[in-house]
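Have a look at the structure below, then the notes.
Quick note: the coordinates plus some simple rules give every number you see, no bench work behind them. Keep in mind that what you see is a predicted model, and the values were worked out from it rather than measured. Glycine also receives a Cβ, built like all others from the backbone with ideal geometry; neighbour counts cover every protein chain displayed.
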């Protein structure tokens, strides 16, 4: 009988967050670094979508991680660590956004390099960056017009990748409320973007 080729086994994903949290509680700095590496990209996406500015998003992520670390004892495990962390980061982002609005400070900056796309030769098309920046401003403006609860729910679901149940757990609301907020957020975004974004 011919030998069946065996695909090499994929590297294990690493210890679950719960195991890392236990190690963090024991003072393991490497476990804390791994938690940060594991969740920083999604935390940044959520903060960036809520704030629209790279420096503010980075500040919100840092603030969220510091708050999470300071209150790690409050994590009861009723939701995943990711869900709990994204709630803290999104709240930090909303707080920063409110302070920015209260202080009347607003600064339009170009998209961060990580969000730009390049041509095959590595150079962006002449007008592509400007078009993307304009589209990003339109979308960010539309998101900014949503009520904070709808915006937070929408961003946690879409950019944070959380399920309805995870969003409900993160925000302490029912799945029905999540569905309602997402429905109304989508309707408002569709109306706000209808005449500004053309297919």
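Quick rundown of the values:
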{"quantity": "Burial ordering of 177, 83, fewest other beta-carbon atoms within 10 Å first", "calculated": "177, 83"}
{"quantity": "Residue 158-residue 71 pseudo-label distance in nm [points 7 Å out on the Cα-to-Cβ vector]", "calculated": "2.6 nm"}
{"quantity": "Added length on full extension, which subtracts the Cα-Cα distance from 0.36 nm per residue, residue 173 to residue 191", "calculated": "3.9 nm"}
